Every structure is written in structure tokens, then in C-alpha cells.
Amino acid sequence: MLPLRIKNVTFYAAVALLWFATGCSKVEYKKIDDPAYLRVFNNLNYKIGVDNKDEMLPFLTMLIDPEMDQDGMPVGAQIKGDFLDKRDPYAPPYPSHIGSGTSVNNPEYPGRENVLVGPVLNGFDLSSWAQIPSGKHRIVFMFRPKNTVPFFNLDPKLKKSFLIDTTMVLDSKEVYTLHVLQKDFLTKRNGIYLRKENFHKLPLSDSSIYVNFYNMSAKGYWQADNDAKGGNEYGKGAMGNGVKDQMNIFVTLYKNRTVSSPKISGYNGKYLGNLTRNADVLEVSPYYSFPLFADASAGGIFTDMWQRFDFLAPGMDIRNIPYGPTVNQTDGNWASINCLTPYPDYRQWNEIVMPNMIVNIHSGKYNPRSFATVNTIEIVNGNVYLSTIQRKYAPPVY
């Protein structure tokens, strides 16, 4: 059976009632014989202000294999991703946007779109990826006004602002993440970044948590004037003004959320690797891992361990960070991320808070039970994004 973006029986009943009551036709899903799997994020996270009032609002429409009229304007497309808004800080391990909310704005593709999605591949749930015919495609991103009018129903004069017009090749049964990015902070040049993922091909243990890191910030972002970047906002932490193009990554694991926050032996400022800013090379970054039950006293079923990642410029000592808890002006030399549960009930001025990388959920006879995940942390112009992928787990037993 082809996977559809359908959430529950209630949704089925509502759709059936609407169809019979109004006579509207149901959504037709066309089988794709040789698909690739695609997920798209809009990383243009700038705000329009006095300093950049001439830039276009970063609200987009994606057109794959568009049909153009004699004037070169799009009048149709094989695949459309409309109302593509700035991405959310967290992309959870399930399709969280379909059937939820009252806005048409879409923080990712497929997101709210009713399309065929990826299967469970090597145990990983790809229902946040859309099925796309494999092969060569023309892909166009258009700026559009921030309203609720579908792109092809807009006035013709509002359908002329091209952001990107390029081609891409998607291989059969491969998993891709496509990012729209600012490539150069000073010139405001934009582009795309297409990454062929490999998590579903690796021999990953279900008893370990995995995470890899990308700094996809624009060239010149961290060196720019702080006022021009707008990074001094509460909640952005020291990361708001950017980190240097070369950083070292350290992890600290904490047992729980008690006041003393005991650190787990062997994971107190442990060095993971190096992070290099790169918004062009399409290689997958290496995954680093640590045990789901690094806290041996947790018992092997449930753990409320949480994670902290520190990014330090080469030569800096994790044991002697020269910045206090209320300092966010670090000249790109240091920033940190706390992955906590619950989220986000705790933060300091200089730290970004993200959800925990451990999924705790009712499974089998245990409520809750802890599961390991595969994660990606992406830094883009002072913002941090976390995407989590999870294996399938046993349903609850009541």
C-alpha cells in the first residue's frame, strides 16, 4: 500500500463527510514507479528592516518542472510547493504539519502538502519526505506575496520574481534534503544546497544516539557588524551573531534536570570533531554517537538524560571558557546548544535551547520508554535548526 499523509480515523471520517456533503472530488494520488525522496527547507531567515528594505520577503513557491508561457512566466508545474515559509527551529521525527493548524504557510516541503511520501526504509520512517520521480528536473523558486492566494491564482505581476532557476538530478530510491540559502551575506547572493543523505545506509545501532553538524551560514556572516545581523535577540544566544568558519565541537551529557545537573562520567566536555562552514559542498557530515543509556543507573528502559553541545574556536579550552552565563558577545569564538526535556522551559541569555534528542513515548507495556534517534544540527546565519529521524517502534499495549 502506498504511504499517504493521513493521520487517523477521524481525519478519514471528516474527509468522507465533506466529500459526500459537497460533491467535491477526493485527492488522487498517482503512483510513482521509480521515486526519489525529497524534503525542502527555506533557510532565508532574514528580517526585512531599514538596512535591507530592498530585499524580497523570504516567502516562496517551489516549482518542479514548471510550464512556462511565451514570456517565460510559469503557468503550471508538475510539482508545486506553495506558501513555503521560513523553516521551524525543530523538525520532529514525524510529519507534524499535515492536518494541523489553520495557516496555509508551510515551514517545509512536503509539510502540509497532501502528497505521496517515503516508506519505512531500513527501519527509518521517511514520511517527512515526498516522493519525486527520479531523474533530471528543472527546479524554480519564486518569491511570492505573503497572502493565502495560491501561486497560479495570483495577479500576473506578482508571479515574476525569480529567486532560483536551476536543474537537479535525483537518483532512484535516494533520500535528499534541499535547502534554500543565502550564500554571501554582503552581496545577498542566494542559492540552493542539495544533500544526498546516507543515514538509511549506515550500520547504526538502535542503542546509540547519532548527530551530525553543518554550518551553512553565508560567507562573511560572522565577521559582519552585529547590528546588521540582528543576532542580539533573546533566545538566539551567542550563536545569534555567528560562529567562526572553523570550530571544535564538544558534548556534555547530564543525567537529569535536577538543580545539580550531574554530568555523566566520560561525557563531560568530550571532543567530537571539527565543524567547517560550507554552503556549497554536498558531502554528508560524519555522524557522532553516544549511548542512549550512557547513564548506567537509568535502568535500560527510560532515561531523562539531556545533551549540551559547545562550539569553540580552535585553541580554546572547554575546561576554561572565558564567557559567563549572560554573555552573548563572543566574537564567534564560542556558542552552545542545550537539548532539553521539557522544551523550552529553561534557557540562559547565551544559550540556544532545542528539544532533547531522546524520544520518550509509550511503547509496548512501558510508558514512557526511551528511544535513540538520528539527528542533524544545522547552523544558518545565527539560527540553529534540529532535525530528528527515528526508527519505527512498537505500539503501546494498554
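The values are calculated or read from the model by the stated rules, or taken from the named source; none is laboratory data. These numbers were taken from a predicted model, which means no experiment stands behind them. All Cβ positions, even for glycine, are placed from backbone atoms using ideal geometry, and neighbour counts span all protein chains on display. Surface accessibility is based on the protein's heavy atoms, side chains included, excluding ligands, DNA and RNA. Shrake-Rupley method; radii C 1.70, N 1.55, O 1.52, S 1.80 Å.
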Can you confirm whether residue 391 is in contact (Cβ under 8 Å) with a residue 60 or more places away in the chain, more than 28 Å from residue 41 (Cβ to Cβ) and crowded, with 16+ Cβ neighbours inside 10 Å?
no
Every residue in the range 160-170 that is over 22 Å from the mean Cα position of the chain (by Cα) and either on the phi > 0 side of the Ramachandran plot or in contact (Cβ under 8 Å) with a residue 40 or more places away in the chain (or both), please.
160, 161
Can you report the number of residues in the range 91-112 which are open to solvent by less than 20 Å² (accessible area, probe 1.4 Å) and under 16 Å from residue 175 (Cβ atoms)?
4
Can you tell me how many residues in the range 274-324 are touching a Gly at 6+ places or on another chain (Cβ under 7 Å) and closer than 29 Å to residue 175 by Cβ?
3
Where residue 105 falls short, out of the listed (1) over 27 Å from residue 189 (Cα atoms); (2) of a type in the set (S, T, N, Q); (3) under 19 Å from the mean Cα position of the chain (by Cα):
(1)
From 69, 88, 54, which residue is surrounded by 14 or more Cβ atoms within 10 Å (Cβ to Cβ) and either modelled with pLDDT of 95 or more or outside the structural domain of residue 353 (by TED's automatic domain parsing) (or both)?
88
Count of the range 213-239 residues which are modelled with pLDDT of 90 or more and crowded, with 19+ Cβ neighbours inside 10 Å
9
Which condition from (1) modelled with pLDDT of 95 or more; (2) in contact with a Leu (Cβ under 7 Å, 6 or more places away or on another chain) is the one that residue 282 breaks?
(1)
Picked from the range 248-279 (must be at pLDDT below 95 and closer than 24 Å to residue 222 by Cα), the residue surrounded by the fewest Cβ atoms within 10 Å (Cβ to Cβ) is 278
Of all residues in the range 369-388, which are farther than 30 Å from residue 220 by Cα and either touching a helix residue (DSSP H, G or I) at 6+ places or on another chain (Cβ under 6 Å) or without any contact (Cβ under 8 Å) to a residue 24 or more places away in the chain (or both)?
374
Against the conditions (1) surrounded by 19 or more Cβ atoms within 10 Å (Cβ to Cβ); (2) not polar (S, T, N, Q); (3) not in a loop (DSSP other than H, G, I, E, B), where does residue 368 fall short? Just the number, please.
(1)
Out of all the residues in the range 40-51, which are touching a residue at least 12 places away in the same chain (Cβ under 8 Å) and over 25 Å from residue 154 (Cα atoms)?
49, 51
Considering the range 111-131, residues that are of a type in the set (Val, Ile, Thr) and closer than 30 Å to residue 205 by Cβ, and then whichever is farthest from the chain's Cα centre (by Cα), we arrive at 120
Please tell me if residue 139 is under 30 Å from residue 230 (Cβ atoms), crowded, with 17+ Cβ neighbours inside 10 Å and either within 21 Å of the chain's Cα centre (by Cα) or not assigned by TED's automatic domain parsing to the domain that holds residue 372 (or both).
yes
Looking at the range 265-279 only, could you name the residues that are closer than 16 Å to residue 211 by Cβ and not in a loop (DSSP other than H, G, I, E, B)?
270, 271, 272, 273, 274, 275
If a residue must be closer than 27 Å to residue 337 by Cβ, in a strand (DSSP E or B) and of a type outside the set (Phe, Trp, Tyr), how many such residues does the range 61-117 contain?
3
Closer than 24 Å to residue 73 by Cβ and either among the polar types (S, T, N, Q) or not assigned by TED's automatic domain parsing to the domain that holds residue 110 (or both) - does that describe any residue in the range 149-162?
yes
Tally time: how many residues in the range 283-333 are within 14 Å of residue 211 (Cβ to Cβ), part of a strand (DSSP E or B) and either open to solvent by less than 40 Å² (accessible area, probe 1.4 Å) or not polar (S, T, N, Q) (or both)?
9
What residue, of 308, 277, is of a type in the set (Lys, Arg), closer than 26 Å to residue 189 by Cα and touching a Ser or Thr at 6+ places or on another chain (Cβ under 7 Å)?
277
Failed criterion for residue 233 (all others in (1) more than 21 Å from residue 309 (Cβ to Cβ); (2) touching a helix residue (DSSP H, G or I) at 6+ places or on another chain (Cβ under 9 Å) hold):
(1)
